[in-house]
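Undergrad: Shown below is the structure under consideration.
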Amino acid sequence: MNHRFFVHNKTLSLRTALLGAVSGIACAGAHPAFAQETTQASEPTGDRLVVVARKREENLFEVPVAVTAFSDEQLQAAGMNSLVQIVEFTPGVQFENNSVANPGRIYTDIRFRGLGNELVEPFAQVGSIFLDGVPIVGGSSSIGTQNIERVEVVKGPSSALFGRSTFAGAINYISKTPSLTEFSGTAALEFAQDSTHTVSLGVEGPIIQDFLSARLFIQDYSTGGQYRSSSDGGALGEESTRTYMGTLYAEPTPNLSMKFRGMYAVDDDGPAASVHLGNASSRRGAGPNVANCFAQNPSLATALKRNVPGTSLTDFICGEVPIVNLTDSNTQISSDVILPYFDLVDASDVYPTLTEFGLEREQIRAAFFIDYDINGHTISSVSSFDDERVTNIRDLDDSGVENWINYDLFRNKSFFQELRITSPSDQRFTWMLGGGYFNGKNFGYYLNGGESVVAYDGGMTAPVAFDLDTTFGVPADGICPCGFNGFNPPPVSQNETFSVFGALGYDFTEWLGLDFEWRYQWDDLTQRDAGRTSILPPTEPFATGNGTELGATFKNFLPRVTIQLLPTPTTNFWATYSKGNNPGFFNSRFASFTQEELDLNPDFVQNASLFLDEEEIENWEIGWRQSLLNGNATFSVVAYMMDWTNQKTRTGVLFNTPGGGQQVSTAAVQGFSTDLMGVEFEGSARLTDVITLAGQFTYSDAEFKNFECGFTDDYAPANADGIVDCSGNTPLQFPKWSSSFSLSFLDDLPFSDRSDWSWFGRLDGIYTGKQFTDEQNFSFIGSSWLFNLRGGVQRDNIRFELFVTNLFNEDQYLAGGRTSDFSADTGSIFPFEFSDNQSLTLIPAKQRQFGARTVIDF
């Protein structure tokens, strides 16, 4: 709804009253507010917080969307250097740099309102990161905030305007635009314990006055990690990022603006810190054995996974996961392992070179923006090209034993084009019409699909034989140590999306309006496995190669309808219905089945399919934003209900083979559903002239309505139908309760004759409730409180600050989840005992850290 359409005097009076009411308070805390700060002072600035959550500029208070926004000043004042800190102060969102299934910064796994994605697909996530409205494919956790003007976090299905992979929400980083009239710059230096530093420099100014300007930004971030491996003494958690960004901005005419943004970034990380906990078979039987609930009824097999002959269900962990100080992942690889086995793909000119555990990622991202105004109508064009190249070597067993190494190489390339026209905003009837095109390709072994080396230290229990084709029940192929090659050449996934979208808005009165936003899109998905070696058998040939090519088209209409009510200049009510979709998926293993194999696996044919259809979600939401006490307090509260249908999940599968054995693999299955509901609150209040309190909380009530647990059939019995039923359970890795607060003060520096200096302080508290780590809800991570403290002095152009994070050294895990136990070995079917042993991979707490920061504007 846009209420600036009335007779001229009414437009001015209503807008002035609205903005005046919400700009009365400036949030000195870290939390977003509808009145923003410039230097953490109690200075009215709310009329300058503009968001583009609906692809047009609007004041945050006016927007009928569940959006949380942070200005540049808020980001820097609160020390929010990355997405991890941003979501700590955002209701309805959870994120950690270290994805549980793949520790480290390789993968951005954002969870909105309890929705998460158990399938690691770069083009089909439940929520996406955007940079200036351009989708960022692949790892984006290395994007910092020092060159960002604003961050907007949109909760709920956003497919109508943002398009694909915004099934549950979207996070949009808005980069800084250089001034056409003034030269300026900012230098920031931050140093902390554990050899941590962030040094950045941004400089901008006109090249041709009032016509062309430029901005250059460079940043170097590094940390030595807080943990050491107990197995070899190496560092765990080392991270390094070098970022270079350049921006050109031009206004050739008063009604034409153009912007080019280029970015080059390199991530160079060591092995991530993680804690691996399992049962008696973990670490080749060395433990520790923390299993405290024991397998029952081992005779009932599941529909898609049958127990390996001679084995039974295994023990697992129940209740709150104990805090164990055990970070023992290997950090060193000998050259005699690297050279013989990691030579399948010539990575020298395609993928970053890496010969040790860790992550090496190179990113090139470029975008070009055009805005042209014709009689109040704005024509906008957005074009972008992204290229991300990644090499990742991981100790797959996450422990000190040397069972499995995995070597992944992958590359994400994407092109994005959007063109839209928007009507003037000061009319009773407003509209927007646009079209978009996205083409994304993923090459390589994306997360655990590449080469593997098994028992690379030569040691293991009996038997010493292995099957190269991972087939049980047939003669062995060799003796470990051994290597399993990935696919050669690597598989290629391509997603091509065409879309038409638009928005219609009509204001019936100055206090009642209706908005209808929509998108019609069709996704063409293709997956080509040009040739498989070792792990899966060859398939029928296509073209001149030996492999499989799969393709499918998915079409969808995605609406969002909003009714908005503005009864007073300080009150904003809205009610919304929206729909989102997540693209389909291929079970490529299914394509390689011969008719004989199909006949041997009727359960798989019945319960899984080659093409999985799209997931869908429907969202009903009501919201209320309010300014009160003459602008000295503001709040926003949103209540929602969502219905997630045709949900996909992964499960372990044992295929019967014509030779009389079985093969280990995974499959995606769908047809499940989850109900989600919750409340999100955020607000701030000026307690005195110098003290401000801000806070947020989330209540999330999510429940599997119909859900089959994959992989948990290793430790949980199936029912009489061969199904491990998790219906009624809570989705994992999202707490029912979470909250945070900030208590801040800013005042003139006492005992000083220098009136231009002030002093400030801030106490932040972040609460995270218990989180389940497996779909069966057997185990959970306990709740935690994290406190940060910072304080210092500042004047117009300089700021000195001391800080401590995790003030009381909280040691609760940050995240955790169930994973196959690749460290297992009890002398039965090594190295494939992971197929019927499950464990927990946990991300240890960030320990207390002291530091100092200086920011200089010039």
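The values are calculated or read from the model by the stated rules, or taken from the named source; none is laboratory data. No experiment lies behind these values; they were computed from the predicted model shown. Counting neighbours? That spans all protein chains shown, and the Cβs are built from the backbone with ideal geometry, glycine included. Areas reflect the complete protein model, heavy atoms only, side chains present, ligands, DNA and RNA absent. Shrake-Rupley method; radii C 1.70, N 1.55, O 1.52, S 1.80 Å.
Undergrad: Mind checking which residues of region 796-812 are part of a loop (DSSP other than H, G, I, E, B) and touching a residue at least 40 places away in the same chain (Cβ under 8 Å)?
TA: First, the residues of region 796-812 that are part of a loop (DSSP other than H, G, I, E, B): 796-797, 806-812.
Selection gives ASP796, ASN797, ASN806, LEU807, PHE808, ASP811, GLN812.
Undergrad: So VAL84 ticks every box in (1) open to solvent by less than 20 Å² (accessible area, probe 1.4 Å); (2) closer than 24 Å to ILE766 by Cα; (3) part of a loop (DSSP other than H, G, I, E, B) but one. Which box is left unticked?
TA: Evaluating VAL84 over (1) open to solvent by less than 20 Å² (accessible area, probe 1.4 Å); (2) closer than 24 Å to ILE766 by Cα; (3) part of a loop (DSSP other than H, G, I, E, B) leaves (3) as the failure.
Undergrad: Just to be sure I understand the filter: pairs with C-beta atoms under 8 Å, separated by 6 or more residues or on different chains, first member in region 129-140 and without any contact (Cβ under 8 Å) to a residue 60 or more places away in the chain and over 13 Å from GLU388 (Cα atoms), second member open to solvent by less than 20 Å² (accessible area, probe 1.4 Å) and part of a loop (DSSP other than H, G, I, E, B). Which pairs pass?
TA: What qualifies is ILE129/THR108; ILE129/ILE110; ILE129/SER140; ILE129/ILE143.
Undergrad: For region 481-510, give me each residue that is surrounded by 15 or more Cβ atoms within 10 Å (Cβ to Cβ), within 37 Å of the chain's Cα centre (by Cα) and either at pLDDT below 50 or part of a loop (DSSP other than H, G, I, E, B) (or both). I'd like the intermediate steps shown before the answer.
TA: Within region 481-510, the first condition is being surrounded by 15 or more Cβ atoms within 10 Å (Cβ to Cβ), and the residues that meet it are 481-487, 489-499, 501-507, 510.
Adding the requirement that they be within 37 Å of the chain's Cα centre (by Cα) leaves 481-487, 489-499, 501-507.
Once the filter is applied, which keeps residues that are surrounded by 15 or more Cβ atoms within 10 Å (Cβ to Cβ), within 37 Å of the chain's Cα centre (by Cα) and either at pLDDT below 50 or part of a loop (DSSP other than H, G, I, E, B) (or both), region 481-510 yields PRO481, ASN485, GLY486, PHE487, PRO489, PRO490, PRO491.
Undergrad: Moving to a separate point now. Does region 174-233 hold any residues that are in a strand (DSSP E or B) and among the charged types (D, E, K, R), and which are they?
TA: GLU190, GLU204, ARG215, ASP220, ARG228, listed by residue number.
So that you can scan it fast, the table gives a plain yes or no per residue for (1) modelled with pLDDT of 95 or more; (2) open to solvent by 20 Å² or more (accessible area, probe 1.4 Å):
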position	(1), (2)
ALA168	no, no
PRO178	yes, no
SER195	yes, yes
LEU201	yes, yes
TYR221	yes, yes
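Undergrad: Looking at this structure, is TYR577 in contact with an Asp or Glu (Cβ under 9 Å, 6 or more places away or on another chain), modelled with pLDDT of 95 or more and within 30 Å of LEU612 (Cβ to Cβ)?
TA: On the way: in contact with an Asp or Glu (Cβ under 9 Å, 6 or more places away or on another chain): yes; modelled with pLDDT of 95 or more: yes; within 30 Å of LEU612 (Cβ to Cβ): yes.
Answer is yes for this residue.
Undergrad: With respect to GLN219, is the statement that it is under 21 Å from ARG848 (Cα atoms) and of a type outside the set (Ser, Thr, Tyr) true? Full working, then the answer.
TA: Working: under 21 Å from ARG848 (Cα atoms): no; of a type outside the set (Ser, Thr, Tyr): yes.
Against the criterion (under 21 Å from ARG848 (Cα atoms) and of a type outside the set (Ser, Thr, Tyr)), GLN219 does not qualify.
Undergrad: Something else now. Condition (residue is at pLDDT 90 or above, open to solvent by less than 10 Å² (accessible area, probe 1.4 Å) and β-branched (Val, Ile, Thr)) applied to region 68-77: is it met by at least one residue?
TA: yes
Here is a yes/no grid of residues against (1) assigned to a loop (DSSP other than H, G, I, E, B); (2) of a type outside the set (S, T, N, Q); (3) crowded, with 22+ Cβ neighbours inside 10 Å; (4) out of contact with any Cys (no Cβ under 9 Å at 6 or more places or on another chain):
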position	(1), (2), (3), (4)
ARG242	no, yes, no, yes
TYR249	no, yes, yes, yes
GLY262	no, yes, no, yes
ALA273	yes, yes, yes, yes
LEU277	no, yes, yes, yes
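Undergrad: With the structure loaded, tell me whether GLY769 is small (Gly, Ala, Ser), surrounded by fewer than 21 Cβ atoms within 10 Å (Cβ to Cβ) and in contact with a Lys or Arg (Cβ under 7 Å, 6 or more places away or on another chain) or whether it fails that test. Before the answer, list the steps.
TA: Values: small (Gly, Ala, Ser): yes; surrounded by fewer than 21 Cβ atoms within 10 Å (Cβ to Cβ): yes; in contact with a Lys or Arg (Cβ under 7 Å, 6 or more places away or on another chain): yes.
Answer is yes for this residue.
Undergrad: Continuing with this model, one more query. Counting just the residues of region 388-401 that are farther than 11 Å from PHE822 by Cβ and open to solvent by 10 Å² or more (accessible area, probe 1.4 Å), which one comes out modelled with the highest pLDDT?
TA: Taking region 388-401 and keeping what is farther than 11 Å from PHE822 by Cβ, we get 388-393, 400.
In the following step, the residues that additionally are open to solvent by 10 Å² or more (accessible area, probe 1.4 Å) were identified as 389, 392, 400.
Values: ARG389: 92, ASN392: 87, GLY400: 89.
The selected residue is ARG389.
Undergrad: For region 817-844: of the residues being within 19 Å of PHE780 (Cβ to Cβ) and open to solvent by 10 Å² or more (accessible area, probe 1.4 Å), which is modelled with the highest pLDDT?
TA: The residue in question is PRO844.
Undergrad: Report whether or not LYS176 is under 20 Å from TYR264 (Cα atoms) and among the charged types (D, E, K, R).
TA: Values: under 20 Å from TYR264 (Cα atoms): yes; among the charged types (D, E, K, R): yes.
Yes; evaluated as a whole, the condition is true for this residue.
Undergrad: Of the conditions (1) touching a residue at least 40 places away in the same chain (Cβ under 8 Å); (2) assigned to a strand (DSSP E or B), PRO731 satisfies every one except a single condition; which number is it?
TA: (2)
Residues are listed down the side, and each one gets a yes or a no for (1) at pLDDT below 95; (2) out of contact with any Phe, Trp or Tyr (no Cβ under 9 Å at 6 or more places or on another chain):
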| site | (1), (2) |
| --- | --- |
| PRO717 | yes, yes |
| CYS726 | yes, no |
| SER739 | no, no |
| SER755 | yes, yes |
| LEU763 | no, no |
| GLU775 | yes, no |
| SER783 | no, no |
| GLY792 | no, no |
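Undergrad: Here is a further query. Hey, can you tell me all the residues within region 114-142 that are of a type in the set (A, V, I, L, M), at pLDDT 80 or above and in a loop (DSSP other than H, G, I, E, B)?
TA: Keep residues of region 114-142 that are of a type in the set (A, V, I, L, M), which gives 115, 119-120, 124, 126, 129, 131, 134, 136-137.
Filter again for at pLDDT 80 or above, leaving 115, 126, 129, 131, 134, 136-137.
VAL126, VAL137, listed by residue number.
Undergrad: Could you tell me whether region 666-677 includes any residue that is in contact with a strand residue (DSSP E or B) (Cβ under 8 Å, 6 or more places away or on another chain), open to solvent by 40 Å² or more (accessible area, probe 1.4 Å) and modelled with pLDDT under 75?
TA: Looking through region 666-677, at least one residue is in contact with a strand residue (DSSP E or B) (Cβ under 8 Å, 6 or more places away or on another chain), open to solvent by 40 Å² or more (accessible area, probe 1.4 Å) and modelled with pLDDT under 75.
Undergrad: Any idea how many residues of region 597-636 are modelled with pLDDT of 80 or more, of a type in the set (A, V, I, L, M, F, W, C) and surrounded by 21 or more Cβ atoms within 10 Å (Cβ to Cβ)?
TA: Here the count works out to 2.
Undergrad: Here's a follow-up. In region 347-382, which residues are hydroxyl-bearing (Ser, Thr, Tyr), open to solvent by 30 Å² or more (accessible area, probe 1.4 Å) and in a strand (DSSP E or B)?
TA: Here is the first cut: in region 347-382, the ones hydroxyl-bearing (Ser, Thr, Tyr) are 348, 351, 353, 355, 372, 378, 380-381.
Within this subset, residues satisfying the condition of being open to solvent by 30 Å² or more (accessible area, probe 1.4 Å) are 348, 353, 355, 372, 378.
Selection gives TYR372, THR378.
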